[in-house]
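A.B. asks: A single structure is presented below for examination.
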Amino acid sequence: MPHWLQLMLESLPSLLWAALIFTVPLTLLSFALGLTVGLGAALARLFGPKPLVALVRFYVWIFRGTPLLVQLFLIFYGLPSVGILLDAFTAALIGFTLNIGAYTSEIIRAAIGSVPKGQWEAAYSIGMTWSQAMRRTILPQAGRVAVPPLSNTFISLVKDTSLAAAITVPEMFQAAQRIVATTYEPLILYVEAAILYLALSSVLSALQTRLETRLNRYGGFLEARS
């Protein structure tokens, strides 16, 4: 067996374990929390009072205009200087959540804005309140528009979790770095890590395509009924 293949096979369990214990949970938790933050920020931006709108705009400006790696360093290495100590996983979770929240807020805001005003009027005409119209009419239609860019954001997040290695989170990329430190084979190990990230992203891309197909089919069914 070639040396490079043997090394890949020997290191594969460690990389997969790091992905299962850290990379995947960090991705799922960050995206779920970030999506919640993004929805709240989008609604505040669209319907909130001016001071809240200004605050949300500032938040989005900061987190979209600065590098994610810098944000992680500020949270993990910077906050202890003011007495706030966080473990690496929590710091990464907060950093990714706030970053994803800023991006998803703009996606959701644009998706809600794309729903015709007539849909609001139709909802009000049958006696719905604002919250009922939002839940039952506006958000379902906005969701169809938002799914493709949100899916792309999720796939990008899977790859961005590798940045957590810089603040000592033992996710898949740092697992590869630890093995490199003992084997002195950076090319083989980093190629293997890249292949695993590529495989995970490819699976998610396939799921995204299936989801978009089903949503388009459902949307066409609703349009045919109307």
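The values are calculated or read from the model by the stated rules, or taken from the named source; none is laboratory data. The shown structure was predicted, so the numbers you read here are calculated from the model rather than taken from an experiment. Because the Cβ atoms are built from the backbone with ideal geometry, glycine has one as well, and the counts that use them run over all protein chains shown.
A.B. asks: So LEU35 fits all but one of (1) closer than 22 Å to PHE173 by Cα; (2) in contact with a Ser or Thr (Cβ under 9 Å, 6 or more places away or on another chain); (3) in contact (Cβ under 8 Å) with a residue 40 or more places away in the chain; what number is the exception?
C.D. replies: All conditions are met except number (1).
A.B. asks: Filter region 44-53 down to the residues that are of a type in the set (A, V, I, L, M) and touching a Ser or Thr at 6+ places or on another chain (Cβ under 9 Å) and list them by number.
C.D. replies: Passing the criteria: only ALA44.
A.B. asks: Has region 113-127 got any residue that is modelled with pLDDT of 90 or more and within 20 Å of THR36 (Cβ to Cβ)?
C.D. replies: Checked region 113-127: at least one residue is modelled with pLDDT of 90 or more and within 20 Å of THR36 (Cβ to Cβ).
A.B. asks: Continuing with this model, one more query. Only one of these is under 18 Å from the mean Cα position of the chain (by Cα), of a type in the set (Val, Ile, Thr) and assigned to a helix (DSSP H, G or I): ILE112, ILE155. Name it.
C.D. replies: ILE155
A.B. asks: Another question, then. Between residues in region 190-213 that are free of Cβ contacts under 8 Å to residues at least 40 places away in the same chain and residues that are surrounded by 14 or more Cβ atoms within 10 Å (Cβ to Cβ) and among the basic types (Lys, Arg), which pairs lie under 9 Å by C-beta distance while being six or more apart or on different chains?
C.D. replies: Going by the 9 Å Cβ cut-off, the qualifying pairs are TYR197/LYS159.
A.B. asks: Restricting to region 145-164, name every residue that is within 14 Å of THR27 (Cβ to Cβ), small (Gly, Ala, Ser) and touching a helix residue (DSSP H, G or I) at 6+ places or on another chain (Cβ under 7 Å).
C.D. replies: SER151, SER162, ALA164
A.B. asks: Just give me the residues in region 38-62 being aromatic (Phe, Trp, Tyr) and touching a residue at least 40 places away in the same chain (Cβ under 8 Å), in sequence order.
C.D. replies: TYR59 - this is the single residue of region 38-62 that is aromatic (Phe, Trp, Tyr) and touching a residue at least 40 places away in the same chain (Cβ under 8 Å).
A.B. asks: Still on this structure, I have one more. For the condition at pLDDT 95 or above and within 18 Å of the chain's Cα centre (by Cα), what is the one hit in LEU163, LEU204, LEU211?
C.D. replies: Answer to the check: LEU163.
A.B. asks: Of the conditions (1) surrounded by fewer than 18 Cβ atoms within 10 Å (Cβ to Cβ); (2) of a type in the set (Phe, Trp, Tyr); (3) over 25 Å from PRO149 (Cα atoms), PHE47 satisfies every one except a single condition; which number is it?
C.D. replies: So the condition that PHE47 fails would be (3).
A.B. asks: Let me ask something else about it. Could you look through region 85-112, keep only residues that are in contact with a Gly (Cβ under 9 Å, 6 or more places away or on another chain) and of a type in the set (A, V, I, L, M, F, W, C), and pick out the one that is surrounded by the most Cβ atoms within 10 Å (Cβ to Cβ)?
C.D. replies: Among those that are in contact with a Gly (Cβ under 9 Å, 6 or more places away or on another chain) and of a type in the set (A, V, I, L, M, F, W, C), it is ILE100.
A.B. asks: Given the criterion under 18 Å from ALA166 (Cβ atoms) and among the aliphatic types (A, V, I, L, M), identify the matching residue among LEU74, LEU35, LEU46.
C.D. replies: One residue alone meets the criteria, LEU74.
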